[in-house]
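S.K.: Quick one: the structure is below, questions incoming.
The values are calculated or read from the model by the stated rules, or taken from the named source; none is laboratory data. Keep in mind that this is a model prediction, so the values were computed, not measured. A quick note on method: Cβ atoms are made from the backbone with ideal geometry, for glycine too, and the neighbour counts reach across all protein chains shown.
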Amino acid sequence: MDRPLRLVAANPLDRLARTLEALLVVASQPLSVAELSEAAAEDGERVEMALGLLTERFQEGRSGIVLEQVAGGWAFRASREAAEACGRMFERPVERGLSQAAMETLAVIAYLGPCSRPEIARLRGVAADSVVAGLVERGLIAEAGREEGGAVRYRTTPLFERVFGLESLSVLPRLDDLGDADDIRDRLEQLAEKRPA
Amino acid sequence: MAMPVRELELDLEAFEGPFDLLLALVLRDELDLGEVDVAGIVLAFLERLAEREELDLDACGEFLVLVAALLELKARALLTGEETDLEDLDPAEAAAELARRLADYRRIKEAAAWLVDRLDEESDRYFRLGPAPLAPKVERQLAPQDPAELATVIRALTAEPPAVSLAHLELRFPPVEQFLGRFRSLLARRTRFDFDTEVHQLTRVEQAVAFLALLELRKAGEIELSQAAPFAPIRVQRNAETKTERNPSWTARSA
């Protein structure tokens, strides 16, 4: 008789979970375990346990709100099944219309950053100034100090990780592991096949 | 029919138009060759070539020469302005360096492709966006305040202010008649007097009223006024005909 009562009302972990839920709803960017435990005045280990409870509760297929681990913290987002409805109401201006040059520049900065515009230009073989300015404006990269020569260095922002759904930069695949598909070679070979011998 | 290489239509990121215009712009330094994707030009040419039945050797030859020249220009452009002057390297070393860089770039291109795929997969994740990361953090600048002190200050503000005194605005003018009588009795004894001497002991307001009385007497024709120069003492002289003229008119009016 008193067993369910104890589970519902007197489980302090559940209360902590509710507190975390509230903090995550109020936050506009991912909160780290350290931030959550400071705000909830609880130790990190218990916060992580409570987050485990919440992850189970807020998951795809079970809730319209999904708890995800992203950009070095925890954050709520809309469930994927609600994406169409969200798309009718909201835009995703940060990543809309990113050019190939912008994606390459992002890749350079994500993998090799912090790095400067001359470094990016050297790798890509083209000037990077306007592309870099555009990425800064979108909030995907930000200044991160200067080189010895005085050139500004850039790094990717937590927003970049969030937009790309990355838990952190360390989950990027290793460059060496990336597919060896050589786009130009592929297309040349396709053309060669098309040609009558 | 020969394929016009120079009229090859290009649709590159840095340039859109016929091949010969691109060449002209590059040679005139109006287009940075560093921004031109030469592989894109080669692909465009090969695609055009593939559309044809037979191989146009003339066109291929011309194209090879032009593209080789472009590649050399671009390689030079890419290798200049470096800390280690690669132009001084022997051709084999320079080629190795260029190949290394191309390999680096290819990996970056693959990373970019991975990011594009990732973005595509994640495009159905909607989340709340906070202020831009570059926006300055709002910091509370106020020092902590003591509520009791705040109450005291506010209480001081709500206290009824003392009534404003208008005393200084009230000017007490003595009646003009007082001076009319005084000047008339003076003139009954003397035919003339000096205005300044008569009033210099009085207050400023009294002096003003005395002057009004003087003007009043002048208007009634009882006196004549004279002054040697501006700001010189005003001399007041009894008008000889005053008595005779004034009294009949007064009698007539009151009759």
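S.K.: Working carefully through the options A:Arg80, A:Arg138, find the one that is within 11 Å of chain B (Cβ to nearest Cβ), among the charged types (D, E, K, R) and within 13 Å of B:Arg125 (Cα to Cα).
M.R.: Within the list A:Arg80, A:Arg138, the selection yields A:Arg80.
S.K.: List pairs: first in the stretch A:82-105 and free of Cβ contacts under 8 Å to residues at least 40 places away in the same chain and over 17 Å from A:Ala133 (Cβ atoms), second of a type in the set (D, E, K, R) and part of a helix (DSSP H, G or I), Cβ under 6 Å, 6+ apart or cross-chain?
M.R.: A:Ala83/B:Asp124
S.K.: Output the residues belonging to the stretch B:49-62 that are charged (D, E, K, R), in a helix (DSSP H, G or I) and either under 16 Å from B:Asp20 (Cα atoms) or without any contact (Cβ under 8 Å) to a residue 40 or more places away in the chain (or both).
M.R.: Across the stretch B:49-62, the qualifying residue is only B:Glu62.
S.K.: A follow-up question, please. Which condition number does B:Glu198 fail, the rest of (1) among the acidic types (Asp, Glu); (2) surrounded by 10 or more Cβ atoms within 10 Å (Cβ to Cβ); (3) farther than 26 Å from B:Ala232 by Cβ being met?
M.R.: Only one criterion is unmet by B:Glu198, namely (3).
S.K.: Take the residues in the stretch A:171-197 that are modelled with pLDDT of 80 or more and either in a loop (DSSP other than H, G, I, E, B) or of a type in the set (D, E, K, R) (or both); name whichever of them is surrounded by the fewest Cβ atoms within 10 Å (Cβ to Cβ).
M.R.: Result: A:Arg174.
S.K.: For the stretch A:112-168, name all the residues that are over 30 Å from A:Arg77 (Cα atoms) and in contact (Cβ under 8 Å) with a residue 60 or more places away in the chain.
M.R.: none
S.K.: Further question: For the condition in contact with a Cys (Cβ under 6 Å, 6 or more places away or on another chain) and not β-branched (Val, Ile, Thr), what is the one hit in A:Ala78, A:Ala85?
M.R.: A:Ala78 is the lone residue from the list that is in contact with a Cys (Cβ under 6 Å, 6 or more places away or on another chain) and not β-branched (Val, Ile, Thr).
Residue by residue, here is whether (1) within 11 Å of chain A (Cβ to nearest Cβ); (2) surrounded by 10 or more Cβ atoms within 10 Å (Cβ to Cβ); (3) modelled with pLDDT of 80 or more holds:
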residue	(1), (2), (3)
B:Gly81	yes, yes, no
B:Ala92	no, no, no
B:Ala111	yes, yes, yes
B:Leu129	yes, yes, no
B:Arg155	no, no, yes
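S.K.: I'd like the full set of residues that are assigned to a loop (DSSP other than H, G, I, E, B) and surrounded by 15 or more Cβ atoms within 10 Å (Cβ to Cβ), limited to the stretch B:168-191.
M.R.: B:Pro174
S.K.: Right, another one. Answer with yes or no whether A:Arg122 is buried (at least 18 other Cβ atoms within 10 Å of the Cβ), facing chain B (nearest Cβ under 9 Å) and in a helix (DSSP H, G or I).
M.R.: Spelling it out, A:Arg122 is indeed buried (at least 18 other Cβ atoms within 10 Å of the Cβ), facing chain B (nearest Cβ under 9 Å) and in a helix (DSSP H, G or I).
S.K.: Read through the list (1) in a loop (DSSP other than H, G, I, E, B); (2) more than 21 Å from B:Arg125 (Cα to Cα), then give the number of the only condition that A:Arg92 fails.
M.R.: Failed condition: (2).
S.K.: In the list A:Glu68, A:Glu104, which residue meets the criterion of being over 30 Å from A:Gly125 (Cα atoms) and either at pLDDT 90 or above or surrounded by fewer than 19 Cβ atoms within 10 Å (Cβ to Cβ) (or both)?
M.R.: Unique residue meeting the criteria: A:Glu68.
S.K.: Can I ask one more? Which numbered condition trips up A:Trp74, out of (1) surrounded by fewer than 13 Cβ atoms within 10 Å (Cβ to Cβ); (2) within 19 Å of the chain's Cα centre (by Cα)?
M.R.: (1)
S.K.: Residues being of a type in the set (A, V, I, L, M, F, W, C) and either free of Cβ contacts under 8 Å to residues at least 12 places away in the same chain or at positive phi (or both): count how many of those fall in the stretch B:1-40.
M.R.: Looking only at that region, the number is 6.
S.K.: Which count do you get for residues in the stretch A:95-119 that are part of a helix (DSSP H, G or I) and more than 8 Å from every other protein chain (Cβ to nearest Cβ)?
M.R.: Selection size over the stretch A:95-119: 7.
S.K.: Can you name every residue in the stretch A:1-34 that is at pLDDT 90 or above and outside any helix (DSSP H, G or I)?
M.R.: A:Pro30, A:Leu31, A:Ser32
S.K.: Something else about it: Collect the residues in the stretch A:137-161 that are at pLDDT 90 or above, of a type in the set (Lys, Arg) and more than 17 Å from A:Glu104 (Cβ to Cβ), keeping them in residue-number order.
M.R.: A:Arg153
S.K.: Quickly run through the stretch B:183-232 and pick out the residues that are among the charged types (D, E, K, R) and more than 60 Å from the chain's Cα centre (by Cα).
M.R.: B:Arg184, B:Arg189, B:Arg190, B:Arg192, B:Asp194, B:Asp196, B:Glu198, B:Glu216, B:Arg218, B:Lys219, B:Glu222, B:Glu224 - these are the residues of the stretch B:183-232 that are among the charged types (D, E, K, R) and more than 60 Å from the chain's Cα centre (by Cα).
S.K.: Continuing with the same structure: Could you tell me whether B:Leu73 is modelled with pLDDT under 75 and more than 9 Å from chain A (Cβ to nearest Cβ)?
M.R.: So B:Leu73 fails the test.
S.K.: Right, next: Look through the stretch A:35-50, keep the residues that are exposed (fewer than 13 other Cβ atoms within 10 Å of the Cβ) and outside any helix (DSSP H, G or I), and return whichever of them is farthest from the other protein chains (Cβ to nearest Cβ).
M.R.: For the stretch A:35-50, the residue satisfying everything is A:Asp43.
S.K.: Restricting to the stretch B:48-65, name every residue that is in contact with a helix residue (DSSP H, G or I) (Cβ under 7 Å, 6 or more places away or on another chain) and either surrounded by fewer than 13 Cβ atoms within 10 Å (Cβ to Cβ) or closer than 24 Å to B:Lys109 by Cβ (or both).
M.R.: Within the stretch B:48-65, just B:Ala50 meets the criteria.
S.K.: Right, another one. So A:Ser130 ticks every box in (1) surrounded by 22 or more Cβ atoms within 10 Å (Cβ to Cβ); (2) over 22 Å from the mean Cα position of the chain (by Cα) but one. Which box is left unticked?
M.R.: A:Ser130 satisfies all of (1) surrounded by 22 or more Cβ atoms within 10 Å (Cβ to Cβ); (2) over 22 Å from the mean Cα position of the chain (by Cα) except (1).
S.K.: To continue, here is another question. When the residues of the stretch A:153-170 are narrowed to those that are touching an Asp or Glu at 6+ places or on another chain (Cβ under 9 Å) and part of a strand (DSSP E or B), which ends up surrounded by the most Cβ atoms within 10 Å (Cβ to Cβ)?
M.R.: So the residue we want is A:Tyr154.
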